[in-house]
Amino acid sequence: MAFFTGWRLTNRGRFIVCLLLTLLLQGSIYWYLDQILLAPASSFQVSAASAEQTIISGKAYYSRDRRYMAVVKAGSIEIYSMPDKKLVRSYETGKEQVSYFKWLEDRDLALVGLYYDVDKDNGRVVLSQLNPLADEYQLSTTIDKLASGSKITDVAYSTATNVIYIQVQVADKPAAYRVYRTDANHDLTRIYLASSRVGRIAVLYDEDSLIYDNLEDDTVLLRQGNGSWRVISPPGDKFRLLTVDSTNNIYIARLNKEGLAEEVYKGRLKVGFFHYKTLQTPLNVNDVKI
């Protein structure tokens, strides 16, 4: 006790002590909220919604404003309201399996890709809209008479044109894809492209134009509604499609010799592409986020 005899805090010392106590108190509160109060109620993995992510049993996807969370399990899809994690809907998929899941970016509605092997030459895939406030799937589109094991791997849509393009993988060795188109009248047609090796797909926001990867020569192509097509990526290098934003800006990645993305280019139709960003480290195209 003698060591503290005559010890006094200056005004500055009192301020520092109060600041440290405040930081300690806030840190304790944040730790409690993150680790206890808001911790997941079950052991599923959580990820932001992304069309490129592989569906894993028990993986969760948040809606645009994190109002809902969908958990994909083997045989079911569960919808929880957030942040209370209250189960509001449970959809049984039965023998069908989920190959694609994504929340729409402008409303609380999700697209679900299901597949079912009927027999060797009659595989079936279904794209359904899932509404957290409805008991059943909404506006399902079925594509049948496919090779066994066919599945939906990507979807490109525009809520402005009500056009949806559905990418279906119909073989895996080597990988081969088909693309189908449906519209507000629910007319389903197959879209013939320049290659069966199709990578990522996207659409312009207010125009019925499909943009896609040709994996045979690493170019990015445009297919217009009248069936015409052309290469839009710059010549001389290898490119992959990243995304198209709501104002029709197109983002593509330039690949290095190892097939990794090194640079991002931004462009528009009838304007061309310009260097947008150099990545600090070369990445797999699927890991590049805009």
inquiry  = So for the stretch 134-153 (the condition being modelled with pLDDT of 90 or more, surrounded by 14 or more Cβ atoms within 10 Å (Cβ to Cβ) and outside any strand (DSSP E or B)), does at least one residue qualify?
reply    = yes
note = Within the stretch 245-259, restricting to residues that are at pLDDT 95 or above and among the β-branched types (Val, Ile, Thr), the one that is nearest to Thr159 (Cα to Cα) is Ile250
query = Which condition breaks for Trp229 when tested against (1) surrounded by 13 or more Cβ atoms within 10 Å (Cβ to Cβ); (2) within 21 Å of the chain's Cα centre (by Cα); (3) modelled with pLDDT under 95?
reply = (2)
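For the stretch 160-234, please list each of the strands (runs of 3 or more DSSP E) lying entirely inside it that holds at least 2 residues being among the polar types (S, T, N, Q). Steps first, please.
Values: elements: 163-172, 175-182, 189-191, 198-203, 209-214, 219-224, 229-231.
Correct list: 163-172, 209-214, 219-224.
For the stretch 268-287, enumerate the residues that are assigned to a strand (DSSP E or B), under 22 Å from Val231 (Cβ atoms) and open to solvent by 80 Å² or more (accessible area, probe 1.4 Å).
Step one: list which residues in the stretch 268-287 are assigned to a strand (DSSP E or B), which gives 268, 272-283.
Next, from what is left, pick out any that are under 22 Å from Val231 (Cβ atoms): 268, 272-276.
Passing the criteria: Arg268, Phe274, His275, Tyr276.
The values are calculated or read from the model by the stated rules, or taken from the named source; none is laboratory data. Computed from a prediction, not measured in an experiment: that's the story for all the values here. Glycine also receives a Cβ, built like all others from the backbone with ideal geometry; neighbour counts cover every protein chain displayed. For accessibility, only protein heavy atoms count, side chains too; no ligands or nucleic acids. Shrake-Rupley method; radii C 1.70, N 1.55, O 1.52, S 1.80 Å.
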